[in-house]
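Structure record follows, encoded as structure tokens.
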Amino acid sequence: MTFLRRKGTPSEDGSMSLMEHLYELRRRLFFAVLGLFLGVVVGFTWYYNGVPALHIRSLGELLLRPYCDVPAPPRQELGAGCRLFATSPFSPLQIALKSAIMSGAVISSPVWLYQLWGFVTPALFSKERKYAVTFVGSAAILMATGAVLAYLIIPKGLRVLLGFGGDVTVSALTPESYFGFLISVLLIFGISFLLPLLLIMLNFIGVVSGKKLAQARRYSMFALVVFAGLTVPGNDPITMLVLAVALCLLYEIAVQVSKIHDRRTGRVQLAEGLQNLSDDEASALPSAPAAIGADEQPIAVSALESSDWTPAASESPFASESPLASAAPAASPAPSASASPISPTSPPASASPVTVARSVAGAARFDGRSSGATAVPRPTYERDGAVPGAPSDAGRPRFDPDAT
């Protein structure tokens, strides 16, 4: 089981390399699959056996209860008690396995959700973790609420659907048809109840406002009624009506929560003076910079004070003792200080501290004698007439390796 150990020691900031991420993913997946497998085993055992001491019925009986709540006519009694009518030899086993897998995923959800959270949470900030916990917890509660409501309304829907046969037909459902109908209704109700959470998330990230949701209330509720009529299996009026009313109530809750969040955000923006800015407009910089402590200095001033190099009046800050300077012909007399555009000794009066700091830093970068820097050897070039005995291509610069 050495492959389950973490590879290497984790860094202080939680960063990992690509291979460490893959090792961590493999370890998390192993524990998640192991928890799911154990949950399936528990679900398969629970399908046939209950816990009488805790007054817990078996899973098969719980799933069959909505069907058995339908009165005997139009439901056909088969033998003793309420049972389904299997038409294939593998039908009972398939239904047991499907029920065990679904119940095992629910039972083991704390295990694989913890592994998923442990893999994702190092990449999240503390605020993002708080939002993730809030939304995931709310999603679990809403989905469970929808599934419970569907479980309670299924018997009434089945009574309406099976009652259309009247005295002409009797109904003895097969395990495939009944469990397919049951699971579909449970999933549709559970997923549909996530609608307000989705709208609130869009409002929190600034995609849609509570005012726009309120303005589109009539159209949205009409769309929700159409959605309930198209998604409910069997299209019985009771199940469709319950789902539509529940979705409309949840939509109104999302609208009110979004309005509260918008008012809170508006008060914060008003205090900061950002209420009139559009999404594409940048906010203004602070008018007054933060106060500087007594032991702190601006970057430009500290750079000037820490520099121990002062250019002489007759020395250019960009002078260097390179072979190129010695091989070049005698330079013309240096221009006067009044004619030079940049004086090495005194910066212009209008120059900012940042400009002065850049000039000093540039001189220190180009002059090997300043700031403890090392002079970089420069290549020499031969020009026509500068070196006796120049070859015929002396008009072009040529690199001399011996100069380095």
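Here are some conditions: (1) surrounded by 15 or more Cβ atoms within 10 Å (Cβ to Cβ); (2) among the polar types (S, T, N, Q); (3) outside the structural domain of Pro89 (by TED's automatic domain parsing). Gln215 meets all but one. Which one does it not meet?
Result: Gln215 passes all but (1).
How many residues are loosely packed, with under 15 Cβ neighbours inside 10 Å, of a type in the set (A, V, I, L, M, F, W, C) and assigned to a helix (DSSP H, G or I) when one looks only at the stretch 54-63?
Total satisfying the criteria: 1.
Of the residues in the stretch 101-141, how many are under 14 Å from Ala32 (Cβ atoms) and touching a Lys or Arg at 6+ places or on another chain (Cβ under 8 Å)?
4
Residue-by-condition table, conditions (1) touching a helix residue (DSSP H, G or I) at 6+ places or on another chain (Cβ under 9 Å); (2) of a type in the set (Gly, Ala, Ser); (3) not assigned by TED's automatic domain parsing to the domain that holds Leu25:
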| site | (1), (2), (3) |
| --- | --- |
| Gly81 | yes, yes, no |
| Ser108 | yes, yes, no |
| Val111 | yes, no, no |
| Lys130 | no, no, no |
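Rundown of residues vs (1) loosely packed, with under 12 Cβ neighbours inside 10 Å; (2) touching a Gly at 6+ places or on another chain (Cβ under 6 Å); (3) over 20 Å from Ala100 (Cβ atoms), yes/no style:
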site: Glu24; (1), (2), (3): no, no, yes
site: Phe30; (1), (2), (3): no, no, yes
site: Gly35; (1), (2), (3): no, no, no
site: Val42; (1), (2), (3): no, no, no
site: Pro52; (1), (2), (3): yes, no, yes
site: Arg65; (1), (2), (3): no, no, no
site: Pro71; (1), (2), (3): yes, no, yes
site: Arg75; (1), (2), (3): no, no, yes
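If the requirement is being without any contact (Cβ under 8 Å) to a residue 40 or more places away in the chain and either under 22 Å from Ser138 (Cα atoms) or outside the structural domain of Ala150 (by TED's automatic domain parsing) (or both), which of these qualifies: Leu199, Leu194, Leu241?
The match here is Leu241.
So how many residues does the stretch 93-112 have that are closer than 14 Å to Leu187 by Cα and crowded, with 20+ Cβ neighbours inside 10 Å?
Adding up the residues that qualify gives 2.
For the stretch 163-173, check the following and say yes or no: at least one residue is more than 30 Å from Glu24 (Cα to Cα) and buried (at least 16 other Cβ atoms within 10 Å of the Cβ).
yes
Rundown of residues vs (1) assigned to a helix (DSSP H, G or I); (2) more than 30 Å from Ala172 (Cβ to Cβ), yes/no style:
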| residue | (1), (2) |
| --- | --- |
| Leu84 | no, no |
| Ala96 | yes, no |
| Ser103 | yes, no |
| Val106 | yes, no |
| Leu113 | yes, yes |
| Phe119 | yes, yes |
| Glu128 | yes, yes |
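Going through the stretch 131-185 one residue at a time, which ones are more than 28 Å from Ser88 (Cα to Cα), modelled with pLDDT under 90 and among the β-branched types (Val, Ile, Thr)?
Val133, Thr134, Val136
Quick test of your reading of the structure: His21 fulfils all but one of (1) touching a Lys or Arg at 6+ places or on another chain (Cβ under 9 Å); (2) at pLDDT below 90; (3) part of a helix (DSSP H, G or I). Name the failing condition by number.
Of everything listed in (1) touching a Lys or Arg at 6+ places or on another chain (Cβ under 9 Å); (2) at pLDDT below 90; (3) part of a helix (DSSP H, G or I), His21 misses just condition (1).
The values are calculated or read from the model by the stated rules, or taken from the named source; none is laboratory data. Keep in mind that what you see is a predicted model, and the values were worked out from it rather than measured. Heads up, the Cβs are rebuilt from the backbone with ideal geometry, glycines too, and the neighbour counts pull from every protein chain shown.
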